[in-house]
Ligand code: PLP
């Protein structure tokens, strides 16, 4: 291709047809209201034109971020003070003690021996990018350079950078598929979604066996010596909406990873760091509901509630097996991010996590979240467009369908039911996350992930507003 070197006459840029927002965001054709503050479980939004303010019950805390709720003066102080106590570092010759302390805290609050090291980034997508590269280098350290494939599930979400979109699979990933990692490196196995894909009359046990058989066949077809990792969201959020894995599924995947020398990689960016840890657990990980410490992941990504929306931080937790290969190998991690494991972020996150622990909030959200689930079940059981209510701890979803049954009842994509429900909820004074069900567009659903501080009165209000919203929608869809 030749490059035209004729001098260009200067042309003044065309003025925008209409100035809307100075930020390029999800809705570019209108100025959205601004979130200007918060008060516990409530968010305060201000109309950009009129300045009118509304209090909205934050059922979703952004993208399942806000563990502490909003405007917590202690949290604000802890974060504000952190800046005085830290110093930036980026060098092969020094690091910062705050990243060490946060890593130690997360490791100490996991079942003993499961994780031995950590790395901190700014977002869940970056955490997944880095975890993928850590896995790749792990196999290089072991002189297994052919292990390059990352198996994920046919509907899943792992972030919005190109690497994380490559291991993702949903309608958004599909739009970008021409510029992602080659499909040969990112094979997909069945999503675990009993509500939609379990055959009529099939037992959970048999369904799990079928999923594991299919996964093993895929590993064998791809060649075990080429498969690096199997990546799963312990409790999927953005893709199919909080589907708890049936008994035996995650342990079965772990067994296959052991059998074929594959890294067992859990993405707990959305469901982890306290959102759904059982009361008997150590306080952080959702997988403790389904796996013993001996079956724990080899590597895990975390984010969102790690900084509780007060700071931007996500991370990778690394198990002994992986760390050992580095120690016995090159002794160095290849790669660099200017702001990786940033001292301020790590100190602020540490203080936030210590504060959450001190207040016993992970136990509270498990109890209150399950209560919310029970009450949602009851309130929505006869609703004509609700087909399933599911979740665990502080993370729940409601799936919608035409006839109140899962048989051929999905709403057409053009009806935009999930997005309309999200908008209707906002109008009614509640934030929820609406989503359509991935590649196959199975099941519109909405998610709820409230702050860990919720009390029974907040649960009742979430249930009341959700029921009102779903009823409003059922009338509109008639
Ligand atoms: N992984 C999972 C499971 C997620 O749900 C998300 C975000 O929703 C991400 C990764 C990406 O995190 P982030 O949006 O912070 O990049």
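Laboratory data are not the source of any read-out in this text; all were calculated from the coordinates shown. Note that the structure is predicted; figures quoted are calculated from it, not measured. Glycine gets a Cβ as well: all are built from the backbone with ideal geometry, and neighbour counts include every protein chain shown.
So in the chain, what percent of DSSP beta bridges are antiparallel if you round to the nearest 5?
Given both bridge residues lie in the chain, the antiparallel proportion sits at roughly 70 percent.
Please give the length that would be gained between residue 184 and residue 25 if that part of the chain were fully extended, namely 0.36 nm times their separation in residues minus their C-alpha to C-alpha distance (nm, one decimal).
Stretched fully, the residue 184-residue 25 segment lengthens by 54.0 nm.
Kirkwood Rh and Cα-based Rg: tell me the resulting Rg over Rh for the stretch 368-423, rounded to two decimals.
Ratio of gyration radius to Kirkwood radius for the stretch 368-423: 1.00.
Tell me the Kirkwood hydrodynamic radius of the stretch 14-63 in angstroms, computed as one over the mean inverse distance between distinct C-alpha pairs.
12.4
Compute the orientation-averaged projected area for the stretch 300-353 from the convex hull of its Cα atoms and round it to one decimal in nm².
So the Cα hull casts an average projection of 4.4 nm².
What per residue convex hull volume, in Å³, comes out for the stretch 92-142 when only alpha-carbon positions are used?
It comes to 118 Å³ per residue, whole-number rounded.
Compute log10 of I(q)/I(0) for the stretch 97-214 with the Debye formula, placing one identical point scatterer on every Cα and leaving out solvent, at q = 0.20 Å⁻¹, to two decimals.
With one equal scatterer per Cα and no solvent, log10 I(q)/I(0) is -1.14.
How high is the relative contact order of the chain, given as a whole-number percent (alpha carbon pairs under 8 Å, six or more residues apart)?
21
Against the 2.2 N^0.38 Å scaling, with N counting residues, where does the chain land? I'd like the Cα-based Rg ratio to two decimal places.
Against the compact-globule rule of thumb, the ratio is 1.00.
Where does the chain land at 222 nm, in deg cm²/dmol rounded to the nearest 500, when only DSSP H runs of n ≥ 4 count, each adding -39500 (n - 2.57), divided by all residues?
Rounded to the nearest 500, it is -11000 deg cm²/dmol.
Over the Cα atoms of the stretch 349-478, what is the Rg over Rh ratio if Rh follows Kirkwood?
1.02
Among 409, 58, which comes first, then next, by fewest other beta-carbon atoms within 10 Å?
Ranking 409, 58 by Cβ neighbours within 10 Å, fewest first, gives 409, 58.
Determine how many Å³ per residue the convex hull of the Cα atoms of the stretch 122-179 encloses.
80
Calculate, for residue 77 and residue 457, the FRET efficiency according to 1/(1 + (r/R0)^6) with r their C-beta to C-beta distance and R0 35 Å; round to the nearest 0.05.
0.85
Counting other C-beta atoms within 10 Å, which of 82, 91, 457 has the fewest, and how do the rest follow?
Fewest-to-most Cβ neighbours within 10 Å comes out as 91, 457, 82.
Take the Cβ-Cβ distance between residue 204 and residue 55 as r, set R0 to 51 Å, and report the resulting FRET efficiency rounded to the nearest 0.05.
Rounded to the nearest 0.05, the efficiency is 0.75.
Can you give the extra length, in nm with one decimal, that the chain gains between residue 217 and residue 471 once fully stretched, where that is 0.36 nm per residue apart less the Cα-Cα distance?
Separation in residues times 0.36 nm, less the Cα-Cα distance, equals 87.0 nm.
How big is the Cα convex hull of the stretch 50-122 in projection, averaged over all directions, in nm²?
8.5
How big is Rg to Rh over the stretch 302-398, alpha-carbon atoms, Rh as the Kirkwood inverse-mean-distance radius?
My calculation of the ratio gives 1.16.
Report the convex hull volume per residue for the stretch 183-316, counting only C-alpha atoms, in Å³.
123
Hey, fewest Cβ within 10 Å first, where do 444, 204, 298 land in order?
204, 298, 444
Alpha carbon centre of the stretch 454-470 versus the stretch 220-283: separation in Å?
A separation of 31 Å, based on Cα centres.
So how compact is the stretch 179-261: Cα radius of gyration and Dmax in angstrom?
For the stretch 179-261, the Cα-based Rg and Dmax read 13.4, 41 Å.
Find how much the distance from residue 174 to residue 324 grows on full extension, using 0.36 nm per residue of separation minus their present alpha carbon separation; answer in nm with one decimal.
50.3 nm
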